[in-house]
Amino acid sequence: MAIKGKFTERTAMAIVIANMIGTGIFTSLGFQLADIRSGFVIMSLWVLGGVMSLCGALCYAELGSRLPRSGGEYNFLSQIYHPGAGFVSGWISATVGFAAPTALAAMTFGTYLSSVFPTLDPLWLATVLIVSMTAVHSTTHKNSGGLQNFFTSGKILLIIVFSIAALIAAPEFQDVSYIPKASDLELFTGGAFAVSLIFVGYAYTGWNAATYLTGELDDPQKSLPRVLIIGTAAVMICYLLLNYVFLTTAPMDAMAGKLEIGYISAQYAFGDIGGTIMGLALSLLLISTVSAMLVAAPRVLQMLGEDYTLIEKLGKVNSHGIPALAIWLQSILALVFLWTATFESILLFSGATMAINSLVVIIGIFILRRKSGSEHSGFKIPLYPLPPVIFITITVVTLVYLTIQNTQEIAFSVAIITSGLLLYAVANKFSAK
């Protein structure tokens with residue numbers, strides 16, 4: 001049970017896991033298979049994404065230990081660089097970092113559920129999910145944390161049961177090789193691999209979710225590093241297991257270009273009836289993803305409201321310490337994305353923008369250490385500076401390839417950043433506290 005006015009370590013870990021396991025793992029394989037047909041390369045993508053996320057989690061763990069306040073990147077960049085950098089980051093987190101992924105997770109939920117019940121409209125299913133989760137999370141910590149713990153526990157259990165049952169029930173295993181071949185080298189060095197890494201990076205997005213709730217954790221300097229590292233490692237294991245199951249049970253041709261990868265895999269493993277049951281179960285699994293994002297994201301808006309009087313109402317909390325208005329505004333932003341954009345465009349655009357945001361934060365660890373020194377009683381990055389260097393290198397290479405191949409998505413990212421700067425100029429001029 002959550003401490004009054006606080007989230008427990010268990011709930012924070014549930015939020016991290018639920019933020020990560022959602023849309024990406026159950027959809028992105030279809031986009032990857034459009035250009036890559038090697039089991040070894042596909043699995044390498046997910047290992048690389050996991051290593052990158054663990055490196056990021058280690059860096060954020062030290063940042064959160066040194067700068068313990070809610071708000072995630074908004075808090076870090078405001079203190080490391082300049083309040084303007086923090087404001088832009090908060091704007092990115094609220095609009096693209098969470099609103100867009102919330103829309104994608106709800107969209108995936110609707111797609112999976114409508115595959116089972118074709119008469120249901122996926123768009124309206126997604127809308128009802130976002131509104132209902134918002135209604136619960138805008139009440140109390142007890143209701144919010146209890147709901148999140150329940151759905152996340154069910155999510156992990158379902159993944160394990162689905163994976164074991166599919167491998168047992170599948171009438172035949174696909175002929176997929178996980179041994180490297182000479183032809184794989186060309187795939188590793190091509191643009192398709194880099195773009196696929198954006199999809200993978202998006203699937204791993206959420207490893208930083210607990211930093212948005214730092215001020216609502218009990219003893220965050222000790223609990224936050226455990227939450228980030230254990231949560232990220234657990235998700236990496238789940239992702240490798242699920243991708244192995246998908247590739248083993250269903251033909252690549254059947255999954256290429258499709259969103260409902262889990263449903264297709266279930267159909268091949270269990271037949272039509274079993275596939276329908278598992279498709280329904282997998283759609284319910286996505287509820288916790290939408291739920292977790294609607295917990296973490298509004299805390300950024302709350303911090304902005306606390307620091308700028310022009311939007312100070314967003315910083316207000318109800319009698320239970322919940323930023324209800326910020327939660328409802330975050331929900332509205334997600335609904336706007338849901339009703340106005342396509343799945344792939346949102347995924348690439350939001351993935352690129354969040355990668356830029358995290359990249360600037362990770363670079364900040366070098367600046368913070370130079371300013372305050374390496375002496376710090378809290379958590380410190382092991383094997384420093386290797387983890388931040390790995391994260392920065394992979395992110396920069398990926399963004400370069402994405403800029404070359406998907407210029408429009410990068411242009412949208414730049415537009416979001418520019419709009420954040422303009423908003424900061426207005427907010428700072430008229431209402432800076």
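Tabulated data for the structure shown
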{"item": "Test: residue in region 350-361 that is modelled with pLDDT of 80 or more and more than 12 Å from Ile392 (Cα to Cα)", "result": "yes"}
{"item": "Criterion violated by Val336 - all others in (1) modelled with pLDDT under 75; (2) more than 17 Å from the chain's Cα centre (by Cα); (3) among the aliphatic types (A, V, I, L, M) satisfied", "result": "(1)"}
{"item": "Qualifying position, being buried (at least 21 other Cβ atoms within 10 Å of the Cβ), touching a helix residue (DSSP H, G or I) at 6+ places or on another chain (Cβ under 9 Å) and among the aliphatic types (A, V, I, L, M), among Leu240, Leu247", "result": "Leu247"}
{"item": "Helices (runs of 4 or more DSSP H) lying entirely in region 254-318 (those with 2 or more residues that are in contact with an Asp or Glu (Cβ under 9 Å, 6 or more places away or on another chain))", "result": "261-285, 298-307"}
{"item": "Region 115-133: number of residues that are touching a Gly at 6+ places or on another chain (Cβ under 9 Å) and in contact (Cβ under 8 Å) with a residue 12 or more places away in the chain", "result": "9"}
{"item": "Unmet criterion (only one of (1) modelled with pLDDT under 80; (2) crowded, with 18+ Cβ neighbours inside 10 Å; (3) in contact with a Leu (Cβ under 8 Å, 6 or more places away or on another chain)) for Ala105", "result": "(1)"}
{"item": "Ile159 being assigned to a helix (DSSP H, G or I), over 24 Å from Leu54 (Cα atoms) and of a type outside the set (Gly, Ala, Ser)", "result": "no"}
{"item": "Qualifying residue in region 69-89 (condition: in a loop (DSSP other than H, G, I, E, B) and without any contact (Cβ under 8 Å) to a residue 60 or more places away in the chain)", "result": "yes"}
{"item": "Residue list for region 75-102, filter: at pLDDT 85 or above and among the β-branched types (Val, Ile, Thr)", "result": "Ile80, Val88"}
{"item": "Test: residue in region 20-36 that is β-branched (Val, Ile, Thr), at pLDDT 85 or above and farther than 30 Å from Ala425 by Cβ", "result": "yes"}
{"item": "Qualifying positions in region 251-271 - buried (at least 22 other Cβ atoms within 10 Å of the Cβ) and polar (S, T, N, Q)", "result": "Ser265"}
{"item": "Which listed residue is assigned to a helix (DSSP H, G or I), on the phi < 0 side of the Ramachandran plot and at pLDDT below 80, from Ile410, Ile390", "result": "Ile410"}
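Residues checked against (1) over 15 Å from the mean Cα position of the chain (by Cα); (2) among the hydrophobic types (A, V, I, L, M, F, W, C):
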residue: Arg226; (1), (2): yes, no
residue: Gly231; (1), (2): no, no
residue: Met255; (1), (2): yes, yes
residue: Gly271; (1), (2): yes, no
residue: Gly274; (1), (2): yes, no
residue: Val290; (1), (2): no, yes
residue: Arg299; (1), (2): yes, no
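So that you can scan it fast, the table gives a plain yes or no per residue for (1) surrounded by 16 or more Cβ atoms within 10 Å (Cβ to Cβ); (2) at pLDDT 90 or above; (3) on the phi > 0 side of the Ramachandran plot:
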{"site": "Ile365", "(1), (2), (3)": "yes, yes, no"}
{"site": "Leu368", "(1), (2), (3)": "yes, no, no"}
{"site": "Pro382", "(1), (2), (3)": "no, no, no"}
{"site": "Pro385", "(1), (2), (3)": "no, yes, no"}
{"site": "Thr395", "(1), (2), (3)": "yes, no, no"}
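The values are calculated or read from the model by the stated rules, or taken from the named source; none is laboratory data. Worth saying up front: this structure is predicted, and the values here are computed from it rather than measured. Glycine also receives a Cβ, built like all others from the backbone with ideal geometry; neighbour counts cover every protein chain displayed.
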